[in-house]
Every structure is written in C-alpha cells, then in structure tokens.
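The structure follows.
The values are calculated or read from the model by the stated rules, or taken from the named source; none is laboratory data. What you see is a predicted model; the values in this text were computed from it and never measured. We place every Cβ from the backbone using ideal geometry, glycine too, and count neighbours over all the protein chains shown.
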Amino acid sequence: MHRMNKQTRRQFLRTLGLGAAALAASRIGVAAEAKPPRPNVLYIMSDDHCAQAVGAYGGILAKLNPTPVIDTLARDGMLLANAFCTNSICTPSRASIMTGQYSNVNGVLDLGGKLPPDRHYLAIEMRKAGYQTAMIGKWHLKEEPNFDYYKVLPGQGHYHNPSFREKGKGPWPKNTVTTQGHSSDRIADSSLAWLKQRDTSKPFFLMHHFKAPHDMFDNAARYETYLADVEIPEPESLWKQPAFGSIATRGADDELVRYIGTSIGRRHARRNYTANWAREKTLTDDQAKRQAYQTYLKKYLRCVKGVDDNLKRILDYLRQTGQLDNTVIFYTGDQGFMLGEHDYQDKRWMYDESQRMPMLVRYPKTIKASSKTDAIIENVDFAATMLDFAGATIPECMQGRSFKSILETGKEPADWKQAAYYRYWMHMAHHWNPSHFGIRTKTHKLIFYYGCSTSGANQTPPGWELYDLVKDPREVRNVYDDTAYAHVVKELKTQLKQLRKKYGDTDEAFPAVKKIVDEFWDYDAAARQKAVEMSPECLKRYTTPRTPRPRKPKAKKAR
C-alpha cells in the first residue's frame, strides 16, 4: 500500500474535512429550503379602537395624524378595508378570535360569557406547533388563559395603577400583582419584559392587548394637552340623517328616539355624554352636543395616542434585536366604535363604524408593502390565519378560514365568502341597543331588529333596515321599503337565511326568539301593524318611573 508522508496526509484529511463540511452544508441547505424558519406572530389588539380613528383608513380624523406608528404597518404591509366583527362587544369578539367560531357556537353571547381553557384553541394549537405563547393585557374571557405565560387585567381592569393576574405568582385568580402608572405603559412594559427573557430557541406567539381606548377614557397625564386647542371634525350624521333607522330604532312616530341608542347630545333620556361633559343648563341642545363631542373625541384620541406611542416601543425593540422582519404583525381593535356617527356612542350596532375592525398586517417577506384588499374578512378568520402563518394545524371545529393567501397575493380565492354575518344579543342592555342580526356584502347591508332577549322578554318593535353602501356609505338612508330595492331585499334575505343555517344560528335553543323571527321575517302588512302597536307599549316601559328596590338592612357587626 502506498504510504502518504505527513504533509500529504494532512492535506488529504483537510480536503476530506472540507468535503464533509460541504456535504453537511448542502444537506442543511436542502432542509432549510424545504422548511424555512417559522415567523414569530405578534397579535396586537386595542379595546374599542375603530377604523375611523386610524389615520391609514383616511377618515375625517386622518388629518389630525392620530396614529403615525400604527400607520407604518399599513405602509409596510396590507390594509384590510372590510374586516368585520361578528358580534360588536368585547367578550364575544375575543371569544370568536380565540376559537375561530361564531358566538352561537362558542357559547359566549354577551359580556357574561366564559371561555374554558380547553377551548382556547388558538393558543393551544400554537403551543403544539412549537411556539412559546404569551397573553398580556386585557383578557376579559373570565377563565385562566391557556398560555405558557400570561399577565392579564382582572375583568375590565383599571386605566391607572392597574393590577394584573400573572402566571407564576400563585393560583388563579389569586395571582394578583400591582403596578403603578398608566395601563398602556405597563402593558407595553410587560410585553417587552417577556420578549427579553423568552426562550429564543422557539418562535414566539404574543397576544398583546391594550385596555385603551375603552370607554370611561382616562389618558396618561402627559397627553393632557394633546389636541387641546384643536377643533375635532364632526361626522355629518351627528347632525343630519335624512332617512336613517326604522320603527325598531325610532318607534312608530319617533317616540322611542329618546330611549334607543345612547347619545352624544341630550337626545337619550337616560344615558348621554352631555350629562358628563356639558352640564351647563344655559347651553342650547346644539351647544351641549358640540361640547360633549369635542370632549369625547379628545379623551378618546389621547388614549389612542398612548397606544400608538407604546406600539413604537415594541416595534423599536423588534427592530433593534433583528426580529422585526421575521415577525408577522397584526394590528386591530376588538370591534369598531361609534365616534358620534348617528349621534351614537359605544359599539354594539351593526352599522359600519361599530361592525368594522381596523386590520393591518405586516410581514415584508411575503406581504407587499402599501397593499390593500376589500375582501370580506371576519374575526372568526383571524385564528386560522395566524395558525396558517405558523404552519400549525387549523382545528376542524374552527368555522373561520385563513386569509393568508389574500394577504400574500391581494387576490380572493374563487370560493371566498362574499358576505359577513353579524348578531348582537344583549337586548337593550347598558347602551339601549335592540337585539339584531344581519348580512353585509360589499354593496349592501340588511339588518333585522327582532328586538327581544333570549327568553323573548322586553320586546321592542321588530323592523328591517337596508342600506346601499355604494350610494350611501355613511348609512343614513334606509331603503328597505323602496320598491327599487325589492329584488335586493329578497336576495339578501335568502342569503341571510342560508348563512344562519350554515353557521348553526337558527335559534332552535331559543324558541321564543325563533317565534318572533319567523313572525316578522316576511314583514307583511299584519306584521307591520303589530310592530306599530308594540311601539307605544314599549314607550310605557321606559317612561314609567322605576320602583327602587328595597335595601337590605346591613348586618350589625359583632363587638
């Protein structure tokens, strides 16, 4: 056998080593091509932050530049123009996002609903896919979050000096920690702290939920002068609505206008913002409304400013640590919010300002910058989309569908939904909104106010509303009874009935509701007359003085 000298032998071994390394590198390269690194997923949600208060959506507030940081997500990613909640109230919307299911399926119909940990499907599937999961901020689903880590506000939480329930600090719900400062700052602090100490061997899934700008607005002190000398633009429908609403929202002769839908001005007899911010008796009704609106919007936008500034802190950290472009970032609100449109406050309504959710998604590796889609997206679709980006399993129990391909191509699949379904259940609770459901397409909206609780109680006059969103995008002219739209009504009622069957929302569990829905569905002459007769009876309930409940005597303390 030929023997190599030492120098030749060393050269041979070196060559062999380089060849092995090259071979190993090529194998790694093949594996990397087959399975690229999974992105982090950051889901940011503010409470009651509506699209018309996000600059990128171009509403009347855009010139105030209220959200310069949030707007960068639209600049660097995609803006969804038609993202909608399926039930415009905090707890049900969050349950739909976590489960990918409509309210009637996940069981969370109203603010009292609870979502058990074994049904936190989004978090569970993310963990199964190898993600480290965290939930920080407003939770509002009652039960302990099924995440690797959580630090959440108890219930609604406080704007200032908030307490949190934190994993690792004791058993739920006694694992309370206290903080000092404003909730937006402390929630951002908590997310940054978790990001800095997390397990970097795994991609992360973080749900970061601000409390702001929820009602009873209370901004950080540093924003007290923000917009102080600015006149906030007013929506036209705060003052003018030529043919808005129906017997369901106004009464047969407008006699229910003072009792349905809490107001900015003095219109609503029991709950309006002039009672808080325009109490001077010398003010005319118009002056009081204008003063209340200006105060309302400034308080709201100061809370939004705190959200925007704290989002910058999180984005800056991801940029500094080289993680920004490998993170799919979603920004949204848990539903829309009425900012004086139709002289309404709060949410709950199916009108666009309340039903529409802002949704911006940034991921420069696959989503084109400054792109936009008008595809109809519902909050039940959010979970499937996040799971899709993570390469995780989308459970069959989810009714929602991933819109990842729409984000990446800007094109709707041929079989993509062409209508959004909506239902609000909390009949005449808190903000005096009648229960209703309906369908929204890209061109029209049909709303049916069936007007009762799940037991059929506290009936308000049933009625229908139809809005032509092409000719009347602000929804101020109900054209349900316009004969030119008879074919549209017929077609939309057929679609609505099909969606209710498809999503399992046919009221079999609520026979009293089903009876009313069936009776007033066709809305013939007899049904209309009955609705008219209900209206004054309904008025009596709201104008009859309430009998105060007797107070229980306090038990004497033992001495």
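When you scan the stretch 343-357, do you find a residue that is among the hydrophobic types (A, V, I, L, M, F, W, C), over 14 Å from the mean Cα position of the chain (by Cα), surrounded by 24 or more Cβ atoms within 10 Å (Cβ to Cβ) and in the same structural domain as TYR121 (by TED's automatic domain parsing), even just one? Steps first, please.
Initially, the stretch 343-357 is screened for residues among the hydrophobic types (A, V, I, L, M, F, W, C), giving 349-350, 357.
Still in the running and over 14 Å from the mean Cα position of the chain (by Cα): none.
Within the stretch 343-357, not a single residue is among the hydrophobic types (A, V, I, L, M, F, W, C), over 14 Å from the mean Cα position of the chain (by Cα), surrounded by 24 or more Cβ atoms within 10 Å (Cβ to Cβ) and in the same structural domain as TYR121 (by TED's automatic domain parsing).
So which residues in the stretch 97-120 are within 25 Å of MET426 (Cα to Cα), in contact (Cβ under 8 Å) with a residue 24 or more places away in the chain and not aliphatic (A, V, I, L, M), if there are any at all? Steps first, answer last, please.
Going through the stretch 97-120, the residues within 25 Å of MET426 (Cα to Cα) turn out to be 97-117, 119-120.
Adding the requirement that they be in contact (Cβ under 8 Å) with a residue 24 or more places away in the chain leaves 97-105, 108-111, 113-117, 120.
Once the filter is applied, which keeps residues that are within 25 Å of MET426 (Cα to Cα), in contact (Cβ under 8 Å) with a residue 24 or more places away in the chain and not aliphatic (A, V, I, L, M), the stretch 97-120 yields THR99, GLY100, GLN101, TYR102, SER103, ASN104, ASP110, GLY113, LYS114, PRO116, PRO117, HIS120.
Determine which member of the set ASP48, ASP71 is modelled with pLDDT of 95 or more, of a type outside the set (A, V, I, L, M, F, W, C) and either in a loop (DSSP other than H, G, I, E, B) or not assigned by TED's automatic domain parsing to the domain that holds GLU125 (or both). Show your work before the answer.
Working: ASP71 fails: either in a loop (DSSP other than H, G, I, E, B) or not assigned by TED's automatic domain parsing to the domain that holds GLU125 (or both).
Result of the check over ASP48, ASP71: ASP48.
Table: residues versus (1) assigned to a loop (DSSP other than H, G, I, E, B); (2) of a type outside the set (Ser, Thr, Tyr).
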{"residue": "TYR317", "(1), (2)": "no, no"}
{"residue": "TYR331", "(1), (2)": "no, no"}
{"residue": "GLN345", "(1), (2)": "yes, yes"}
{"residue": "LEU387", "(1), (2)": "no, yes"}
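Filter the stretch 356-386 for residues that are of a type in the set (A, V, I, L, M) and over 21 Å from PRO92 (Cβ atoms) and give the result.
Going residue by residue through the stretch 356-386, those that are of a type in the set (A, V, I, L, M) are 357, 359-361, 367, 369, 375-377, 380, 383-384, 386.
LEU360, VAL361, ILE367, ALA369, ALA375, listed by residue number.
Another one. Taking the stretch 316-337 as the region of interest, how many residues are farther than 13 Å from TYR363 by Cβ and either buried (at least 19 other Cβ atoms within 10 Å of the Cβ) or of a type in the set (Lys, Arg) (or both)? Walk me through how you get there before you give the answer.
As a first pass, look at the stretch 316-337 and keep what is farther than 13 Å from TYR363 by Cβ: 316-317, 319-322, 332-337.
Adding the requirement that they be either buried (at least 19 other Cβ atoms within 10 Å of the Cβ) or of a type in the set (Lys, Arg) (or both) leaves 319, 332-337.
Count: 7.
Right, next: Please identify the pairs in which a residue from the stretch 182-196 that is assigned by TED's automatic domain parsing to the domain that holds SER163 has its Cβ atom under 6 Å from the Cβ atom of a residue that is among the β-branched types (Val, Ile, Thr), counting only partners at least 6 apart or on another chain.
SER184/VAL307; ARG186/THR179; SER190/ILE136; SER191/ILE136
If you don't mind, another one. So for the stretch 264-271 (the condition being at negative phi, at pLDDT 95 or above, in contact with a Leu (Cβ under 7 Å, 6 or more places away or on another chain) and part of a loop (DSSP other than H, G, I, E, B)), does at least one residue qualify?
Yes, the stretch 264-271 contains a residue that is at negative phi, at pLDDT 95 or above, in contact with a Leu (Cβ under 7 Å, 6 or more places away or on another chain) and part of a loop (DSSP other than H, G, I, E, B).
Answer with yes or no whether ALA252 is farther than 16 Å from PHE217 by Cβ, in contact with a helix residue (DSSP H, G or I) (Cβ under 6 Å, 6 or more places away or on another chain), part of a loop (DSSP other than H, G, I, E, B) and outside the structural domain of ASP381 (by TED's automatic domain parsing). Spell out the reasoning first.
Values: farther than 16 Å from PHE217 by Cβ: yes; in contact with a helix residue (DSSP H, G or I) (Cβ under 6 Å, 6 or more places away or on another chain): yes; part of a loop (DSSP other than H, G, I, E, B): yes; outside the structural domain of ASP381 (by TED's automatic domain parsing): yes.
So ALA252 fits the description; yes.
I'd like the residue in the stretch 129-148 that is under 15 Å from LEU192 (Cα atoms) and of a type in the set (Gly, Ala, Ser) and, out of all such residues, is nearest to the chain's Cα centre (by Cα).
Per the criteria, the residue is GLY137.
Next up: Which ranges mark the strands (runs of 3 or more DSSP E) fully within the stretch 102-203 that have 1 or more residues being in contact with a Pro (Cβ under 8 Å, 6 or more places away or on another chain), surrounded by 14 or more Cβ atoms within 10 Å (Cβ to Cβ) and of a type in the set (A, V, I, L, M)?
The strands (runs of 3 or more DSSP E) meeting that bar are 132-138, 149-153.
Here's the yes/no breakdown for (1) closer than 30 Å to TRP194 by Cβ; (2) surrounded by fewer than 22 Cβ atoms within 10 Å (Cβ to Cβ); (3) more than 27 Å from the chain's Cα centre (by Cα); (4) of a type in the set (Ser, Thr, Tyr):
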position	(1), (2), (3), (4)
LEU206	yes, no, no, no
PRO213	yes, no, no, no
PHE217	yes, yes, no, no
ILE232	no, yes, no, no
PRO242	no, yes, yes, no
GLY251	no, no, yes, no
TYR293	no, no, no, yes
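Which of the residues that make up the stretch 262-287 are within 26 Å of ARG477 (Cα to Cα), in contact with a helix residue (DSSP H, G or I) (Cβ under 9 Å, 6 or more places away or on another chain) and either buried (at least 16 other Cβ atoms within 10 Å of the Cβ) or among the aliphatic types (A, V, I, L, M) (or both)?
SER263, ILE264, GLY265, ARG266, ARG267, HIS268, ALA269, ASN272, TYR273
For the stretch 401-422, give me each residue that is in contact with a Phe, Trp or Tyr (Cβ under 7 Å, 6 or more places away or on another chain) and buried (at least 22 other Cβ atoms within 10 Å of the Cβ).
Quick first cut of the stretch 401-422, residues in contact with a Phe, Trp or Tyr (Cβ under 7 Å, 6 or more places away or on another chain) only: 404, 420-422.
Within the stretch 401-422, ALA420, TYR421, TYR422 qualify.
Here's something else I'd like to know. Out of all the residues in the stretch 220-230, which are crowded, with 18+ Cβ neighbours inside 10 Å and assigned to a helix (DSSP H, G or I)?
TYR223
Next up: Kindly establish whether ILE377 is buried (at least 24 other Cβ atoms within 10 Å of the Cβ) and of a type in the set (Val, Ile, Thr). I'd like the intermediate steps shown before the answer.
Values: buried (at least 24 other Cβ atoms within 10 Å of the Cβ): yes; of a type in the set (Val, Ile, Thr): yes.
The answer is yes for ILE377.
So TYR259 fits all but one of (1) touching a Cys at 6+ places or on another chain (Cβ under 9 Å); (2) surrounded by fewer than 18 Cβ atoms within 10 Å (Cβ to Cβ); what number is the exception?
(2)
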